[in-house]
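The values are calculated or read from the model by the stated rules, or taken from the named source; none is laboratory data. What you see is a predicted model, and the numbers here were worked out from it, not measured in a lab. Here the Cβ positions follow ideal geometry from the backbone for every residue, glycine too, while neighbour counts run over all protein chains shown. In case anyone asks, the SASA skips ligands and DNA or RNA and just uses the protein heavy atoms, side chains included. Shrake-Rupley method; radii C 1.70, N 1.55, O 1.52, S 1.80 Å.
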Amino acid sequence: MNRMNREEFYARLDVLDEARLKKALWAVYWRSAVPVRERIEAETAPVAPAPRRPVTSGPPDPQRVLDEVRGFTALARTGSYMAGDRRVSPRERSGWRFTFRRLAADAQAALAAQECGPAREAVADLVDLAVEVKSYDHFRSEDPMEAAGFVASDVVARLWGRVLELRGVDGLAEQAMEQLVRWESPYGWTRSGWGKVSEKETTLAVVLERLLRDPGAWVECADGYLRALDEVAQTDPGHARASYGSVDYLRKDRARSLAEWNGMLLERLVDYDAADRLDKIAGHPAFAGAEHRLFQAKLARQRGETQRARDLVEEGLAELPGHEELHDLAAQTGAVVPESARAGMARHGL
């Protein structure tokens, strides 16, 4: 588009007096669509002084923070920050990211409180919202988490670190595994996948890897992971109808999202005398698709079951002809690569 950049625009405004500036702004306001008028009203509204909070040496009150977070996320989920809702002013709608940042900071600070159960709930609610806004419009923003500066993996690391500190590995396995299944996103929580926030993100599998210090912790979390998978497998039919359209799509998507974590378990559990957990993951109904066949094939190859590994690789390539890891495993096991897969890789110079 042929338009001025910010410096050129500001330079043009410098020569205008106050009267001409007001006249130009009034013309834009009067002739624009509703969203633009609301934005101008929000930017020109008088700023009410923020209520002064009492200065305290300790963390924020966890219950107060939870109440504020629940109020904010409930309004977001009902569309109040998108449409004309009297509960949210135009200025609040345009400044939602500042509210989000403040609540995120307060929730994380409240984790330091001795009784921090409500703070853990508040942090979890904000991460749930971060996961949702990657796909759903709750705010007027092209990339909500980039706009809010919310690095979800860092926040989850603080949450899980506090859970481990307070409740030990048992508590971490109980809480974090269910959240891992719900939250993991291999490409981050921003929509664009690039920017300052995206550069700081890591997968939640890596977050867990840094927290689990010994074989016992890995086995305990593997057991908690299987319990979490059992629960989601039971709820998949209803969830798929509401969000994904088919159970098969939902389970394929989950297999892609959790592939890195499953790979970490595959590398470790055999050495930790817990290989039976790998069998349960390989046959679990919570997963489907080529990514899961890749896991099954790696497990089969690890056990010397070469023919089964070949069969699984060939099935996976029939579904995803361009999957590089499947091609690598095909070369290692001697699997037959379908013609469609060879042609696709050749087109990409691989």
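Averaging Cα coordinates gives a centre for segment 100-146 and one for segment 179-252; these two points are 17 Å apart. Note on segment 178-265: Cα Rg divided by 2.2 N^0.38 Å, N the number of residues, gives 1.19. The GNM of the chain, with springs linking C-alpha atoms under 10 angstrom apart, assigns the highest mean-square fluctuation among E339, E165, E178 to E339. Exposed loop sites, defined as chymotrypsin sites (Phe, Trp or Tyr not before Pro) outside DSSP H, G, I, E and B with at most 16 other Cβ atoms within 10 Å, are absent from the longest region of the chain, namely 1-135.
Expressed as a rounded percentage, what relative contact order does the chain have, with Cα pairs under 8 Å and six or more residues apart? Mind dumping the intermediate values first?
Values: 371 pairs, mean separation 35.3, N = 350.
Relative contact order for the chain comes out at 10 percent.
Loop-located trypsin sites (Lys or Arg not before Pro) in segment 61-109 (DSSP state other than H, G, I, E, B) with a sparse environment of at most 15 neighbouring Cβ atoms within 10 Å: R86, R87. Short to long, the 10 Å bins of the Cα pair-distance histogram for segment 220-350 hold 13, 39, 33, 14, 1 percent of all pairs.
Over all distinct alpha-carbon pairs, what is the Kirkwood Rh of segment 174-227 in angstrom?
Kirkwood radius, segment 174-227: 12.3 Å.
Over segment 160-309, Cα pairs under 8 Å with separation of 6+ residues give a relative contact order of 23 percent.
Report, in debye and to the nearest 20, how large the dipole of the chain comes out about its Cα centre when Lys and Arg carry +1 and Asp and Glu carry -1 on their Cβ.
Values: 50 positive and 56 negative charges, 321 e Å.
Value, rounded to 20: 1540 debye.
Rolling a 1.4 Å probe over the protein heavy atoms gives the chain an accessible area of 56 Å² per residue. Sparsely packed loop sites in segment 52-134 (the GluC sites (Glu not before Pro) outside DSSP H, G, I, E and B with at most 11 other Cβ atoms within 10 Å) comprise E115.
Hand me the trypsin sites (Lys or Arg not before Pro) from segment 163-248 located in a DSSP loop with no more than 15 other Cβ atoms within 10 Å, in residue order please. Qualifying residues, ordered by number: R213.
If you look at the Cα atoms of segment 67-200, you get an Rg and a Dmax of 15.0, 46 Å. For the chain, the average shadow cast by the Cα convex hull is 24.1 nm², which is a quarter of the hull's surface. Across H239, H138, H292, mean-square fluctuation computed from a Gaussian network of the chain (C-alpha pairs under 10 Å connected) peaks at H239.
Keeping the other protein chains in place, figure out the carbon and sulfur percent of the accessible area of the chain, with a 1.4 Å probe.
Values: 10000 of 19640 Å².
So the carbon and sulfur contribution to the accessible surface is 51 percent.
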